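The values are calculated or read from the model by the stated rules, or taken from the named source; none is laboratory data. If you're wondering where the values come from, they're calculated on a predicted model, not measured in any experiment. Here Cβ is always computed from backbone atoms with ideal geometry, including for glycine, and neighbour counts include all displayed protein chains. In case anyone asks, the SASA skips ligands and DNA or RNA and just uses the protein heavy atoms, side chains included. Shrake-Rupley method; radii C 1.70, N 1.55, O 1.52, S 1.80 Å.
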Amino acid sequence: MSTLQFIIDNYSEVIVLSWDHIWIVGLALIIAAAIGVPLGIFITGHKQIAARILNFANILMTIPSIALFGIMLPVLSLVNLGLGKVPAVIALVLYSQLPIIRNTYTAIKNVPHAIVDAAKGMGMNKWELLREVEIPLATPVIIAGLRTAAVMNIGIAAIATYIGSGGLGVYIQQGIDRVYPEMILSGAILVSLLAIIVDGLMALLERTVTPKGIKVQRKSLR
Amino acid sequence: MITYESVTKIFGTGREAVTALDNVSFNIPKGEIVVFLGPSGCGKTTTLRLTNRLETITRGNIYIDSQNIMDTDAVALRQRLGYVIQAIGLFPNKTIAENIAVVPRLLGWSQQRIDERVNELLQMVSLEPDMYRDRYPVELSGGQQQRIGVARGLAADPDILLMDEPFGAIDPINREEIQNEFLKLQTKLKKTIAFVSHDIHEAMKMGDRIALFDKGRLVQYDVPEIVLTQPKNKFVADFVGADRALKVLGLLRVMDVINRKPQNIVRAADRAQDALNFLNEKGLRYGIAIDRDKPIGYVTPKILKYEEGVVRDLVEKYPLFLKERTSLRDVLSFMLMHDQATFCVLDDNGNFTGTVTYNDIQKIVKESYADDTESNNNKV
């Protein structure tokens, strides 16, 4: 109960920190999508590059977030951006690449061969094929990748507090430092809550962007 | 007209190279359906895919109306050639109307023209436009989806249609129906069609000619009758099957064997004894009783022997009558079912035009198998 009390007592600060958190994750997600989706589409046509890029994204994912912040610190310090929101956003963008690129790549690759063949055989060029057939059919899976990235990043953003990014991680970090359990719990609960809400919203988005013809298909299969 | 000139296709390079098509030459005459037939991996689909440049020719040339396809832009070429594949080739994210409209839209038609064309095509493949236009492919049955596939291929009214096992995924009953509908359409549209199939029955039915492939080679290229009756080698004979005499009958019709002036005609009003004398005199085993151009049945000497009345009251009725377009395969089946060696043929008004007997059928089958190269050449 005292945790709830803590949140109520500090509600204006909670809102600011939540907003910071959402803002960092949201911006990172937009940038990550802007890089990852086109990259994922591009590598569908280039098998060897695809293997390398996916490997690289895999390796990025294995680096512990604290370590990544540590590695980035001296590098970004050269341009005076070693601490704060910028390195946090950069780290989140890097972590998002794997789910986004992999989902995009897989989704485009999984468009049935016969459909791609029909499209080509009817005289669609590469762009028309992408725009009219491959991307619409791949969108649900691409969004699913963004969803994974978003939820994961909400967790990682909490850790980015250690490089001064702000956000709800502040409560966790300071709570630990001050041995203040209610404060730690408030941070943890709020981060989890945010993750659940975002996950739900992304699920909704996923459903909205699914082409109607495929939704009908799923219904009839049920 | 599509001309294939020494076309060779090799997939892969070096040690992994596979020759999918080996020096194939033939041509598809304007307005005809040529079925590319053969077991899987024989090169039939490769030939089709080379035609619209989904695959690239290794050696040789393909000409469409004497223009080399390698001199044209691949995308423009494909828009000129209708392409129909199995139902799974429909775009699941697009409605029926949008699916059909793909090529017209790529060609930049006005929306009004596209809408009109979509309605026209839906009617052509016997689907009610108002009911189906805005549905999605998955909401349609396999047969309906395939009709949409055909409509889509015809959308921009191409002179040439490439069809890759278009009716392969449909159940036999629906397939039969859609094949018939398509043939009916073709008599109106007169498209030049390359049609890939692995089904000998379909090939016999759909093809004006059959190009039979095996292991990348064109083994035989002929009209269906010749492929059946004069297979070039054992592969062809095996492929068309041991029942090829029956398949020949499937290609022949009553009008090919009809006897329009049978000797054994008696009038319905004749007295039984007169008819009996007539039959005995001529040594006939039976007579067909005709009443004002309509056959009412047949009489045998045994039936007539001790009777006083007129023929009309004594006849045995025929279980059914034939039309000129009835296939001989069906006729033979009727003969077996009804234990009847002769049937009468009627025109559309129900008037008697002739007879078909078992012997006539036997004779034409024998004739078509006679190894007579001269008649062979005449048929081609």
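Just a yes or no: is a residue in the stretch B:103-111 within 8 Å of another protein chain (Cβ to nearest Cβ) and among the charged types (D, E, K, R)? Looking through the stretch B:103-111, none of the residues is within 8 Å of another protein chain (Cβ to nearest Cβ) and among the charged types (D, E, K, R). Within the stretch A:122-133, being within 10 Å of another protein chain (Cβ to nearest Cβ) and within 24 Å of residue B:145 (Cα to Cα) holds for A:122, A:123, A:124, A:128, A:132, A:133.
Counted as qualifying within the stretch A:122-222 are the helices (runs of 4 or more DSSP H) with 2 or more residues that are in contact with a Ser or Thr (Cβ under 9 Å, 6 or more places away or on another chain) and either surrounded by fewer than 19 Cβ atoms within 10 Å (Cβ to Cβ) or of a type in the set (A, V, I, L, M, F, W, C) (or both), namely A:135-159, A:169-177, A:181-209, A:212-221. Within the stretch B:265-313, the set of residues being open to solvent by less than 20 Å² (accessible area, probe 1.4 Å) and under 22 Å from residue B:361 (Cβ atoms) comprises B:287, B:288, B:295, B:297.
Within the stretch A:89-121, the set of residues being open to solvent by 40 Å² or more (accessible area, probe 1.4 Å) and either within 11 Å of chain B (Cβ to nearest Cβ) or of a type in the set (S, T, N, Q) (or both) comprises A:106, A:110, A:112, A:113, A:120. Scoring residue A:144 on the criteria (1) closer than 15 Å to residue A:45 by Cβ; (2) away from chain B (no Cβ under 13 Å) leaves a single failure, condition (1).
Here's the yes/no breakdown for (1) within 21 Å of the chain's Cα centre (by Cα); (2) assigned to a helix (DSSP H, G or I); (3) under 28 Å from residue A:215 (Cβ atoms):
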| position | (1), (2), (3) |
| --- | --- |
| B:83 | yes, no, yes |
| B:135 | no, no, yes |
| B:144 | yes, yes, yes |
| B:182 | yes, yes, no |
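Residue by residue through the stretch B:77-88, note down the ones that are touching a Gly at 6+ places or on another chain (Cβ under 9 Å), within 7 Å of chain A (Cβ to nearest Cβ) and open to solvent by 40 Å² or more (accessible area, probe 1.4 Å). Within the stretch B:77-88, B:86 is the sole residue that qualifies. Here the helices (runs of 4 or more DSSP H) wholly within the stretch A:1-73 that include at least 1 residues being surrounded by 14 or more Cβ atoms within 10 Å (Cβ to Cβ) and of a type in the set (Asp, Glu) are A:11-43.
Would you confirm whether any residue within the stretch B:223-241 is modelled with pLDDT under 90, among the β-branched types (Val, Ile, Thr) and surrounded by fewer than 16 Cβ atoms within 10 Å (Cβ to Cβ)? Within the stretch B:223-241 (the criterion being modelled with pLDDT under 90, among the β-branched types (Val, Ile, Thr) and surrounded by fewer than 16 Cβ atoms within 10 Å (Cβ to Cβ)), the answer is no, since none of the residues qualifies.
If you go through the stretch B:21-75 and keep only what is free of Cβ contacts under 8 Å to residues at least 12 places away in the same chain, open to solvent by less than 40 Å² (accessible area, probe 1.4 Å) and part of a strand (DSSP E or B), you end up with just B:68.
Taking the criterion of being touching a Ser or Thr at 6+ places or on another chain (Cβ under 9 Å) and aliphatic (A, V, I, L, M), the residues of the stretch B:333-364 that qualify are B:335, B:341, B:345, B:346, B:356.
Any idea which of A:192, A:165, A:186 is in contact with a Phe, Trp or Tyr (Cβ under 7 Å, 6 or more places away or on another chain), more than 14 Å from every other protein chain (Cβ to nearest Cβ) and among the hydroxyl-bearing types (Ser, Thr, Tyr)?
On inspection, the qualifying residue turns out to be A:186.
The residues on offer are B:65, B:71, and the sole one that is touching a Lys or Arg at 6+ places or on another chain (Cβ under 9 Å), more than 11 Å from chain A (Cβ to nearest Cβ) and not hydrophobic (A, V, I, L, M, F, W, C) is B:65.
The single residue among B:356, B:345, B:365, B:331 that is modelled with pLDDT of 90 or more and assigned to a helix (DSSP H, G or I) turns out to be B:331.
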